[in-house]
1. At a Förster distance of 22 Å, what's the computed FRET efficiency of B:Ser20 paired with B:Lys111, Cβ-Cβ distance as r, to 0.05?
2. With each label point set 7 Å from Cα along the Cα-Cβ vector, what nm distance links B:Asp78 and A:Glu30?
3. Can you send over the solvent-accessible area of B:Tyr51, 1.4 Å probe, protein chains only, in Å² to the nearest 10?
4. How much accessible area is lost when chains B and A come together, counting both sides, with a 1.4 Å probe, in Å² rounded to the nearest 100?
5. How large is the Rg to Rh ratio of region B:34-110 when both quantities use alpha carbon positions and Rh follows Kirkwood?
6. Given a 1.4 Å probe, show me the residues in region B:67-108 buried by at least 40 Å² of accessible surface when comparing the whole protein assembly to the chain alone.
7. Mind checking the per residue accessible area of region A:2-98 for me, 1.4 Å probe, whole number of Å²?
8. Over all directions, how big on average is the projection of the convex hull of the alpha-carbon atoms in the protein assembly as shown, in square nanometres?
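The values are calculated or read from the model by the stated rules, or taken from the named source; none is laboratory data. Every value quoted in this text rests on a predicted model; they were computed, and no experiment measured them. Positions of Cβ are backbone-derived with ideal geometry, glycine not excepted, and every protein chain shown enters the neighbour counts. The area values use the complete protein model at the heavy-atom level, side chains included, leaving out ligands, DNA and RNA. Shrake-Rupley method; radii C 1.70, N 1.55, O 1.52, S 1.80 Å.
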Amino acid sequence: NAGVTQTPKFRVLKTGQSMTLLCAQDMNHEYMYWYRQDPGMGLRLIHYSVGEGTTAKGEVPDGYNVSRLKKQNFLLGLESAAPSQTSVYFCASNMKGLAGGSEEQFFGPGTRLTVL
Amino acid sequence: QKEVEQDPGPLSVPEGAIVSLNCTYSNSAFQYFMWYRQYSRKGPELLMYTYSSGNKEDGRFTAQVDKSSKYISLFIRDSQPSDSATYLCAMSGMDSNYQLIWGAGTKLIIKP
């Protein structure tokens with residue numbers, strides 16, 4: 001099993017450009033998440049999905065959109081990139097737990113995005 | 001005030017020392033408490049998971065939860081250079097819709 005994979009690993013964008021980050025998992029997990037990680041801020045939830053075809057906003061959703069057309073894939077889009085979106089982006093997934101998804105989340109290796 | 005507070009460090013200790021990492025939180029409804037370890041340029045991975053109060057031990061690692069004080073700890077015995085990483089606490093409960101609320105992470109350096 002590959003677990004959780006993310007594409008691309010690195011990207012440099014100019015302000016105003018758009019891009020899509022792809023997350024894929026082969027563990028048949030129901031729940032998927034997009035986080036951003038900034039120095040001193042920990043992980044902040046951008047958007048998440050509790051199943052195929054569903055998405056919901058997290059703590060910091062502005063400037064991002066997501067789609068979950070297939071159970072195994074979760075896409076994060078930046079329509080018009082801004083320097084404030086320079087960050088490391090992590091995708092995670094987990095099974096639907098007894099308490100609705102509170103158990104272990106499995107993370108991808110991250111995407112390092114720089115917006116100039 | 002953040003819901004979960006964690007000293008970012010760095011915390012530097014000699015090899016073999018006992019390490020204590022801590023988080024405080026404000027939401028009394030949190031029930032699930034986790035410690036994740038993150039090596040440089042990698043994604044976090046689950047290290048310890050505790051439900052409600054009490055202690056849990058796994059090898060050199062012990063997790064403690066004190067719900068009355070809203071305080072959780074991770075102890076590492078006989079610390080090794082390979083333990084050098086960032087340790088993130090995370091917790092959830094009904095109030096957070098069971099979404100994980102994360103601490104900022106503590107960077108730990110074990111000196112050989």
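1. Computed FRET efficiency for B:Ser20 and B:Lys111 comes out at 0.85.
2. Once both label points are built, they end up 4.1 nm from each other.
3. We get 120 Å² for B:Tyr51.
4. Result for this pair: about 1600 Å² buried.
5. 0.97
6. Residues of region B:67-108 that lose at least 40 Å² of accessible area once the other chains are added: B:Tyr98, B:Gln99, B:Leu100, B:Trp102, B:Ala104.
7. Each residue of region A:2-98 exposes 48 Å² on average to a 1.4 Å probe.
8. The orientation-averaged projected area of the Cα hull of the protein assembly as shown comes to 12.5 nm².
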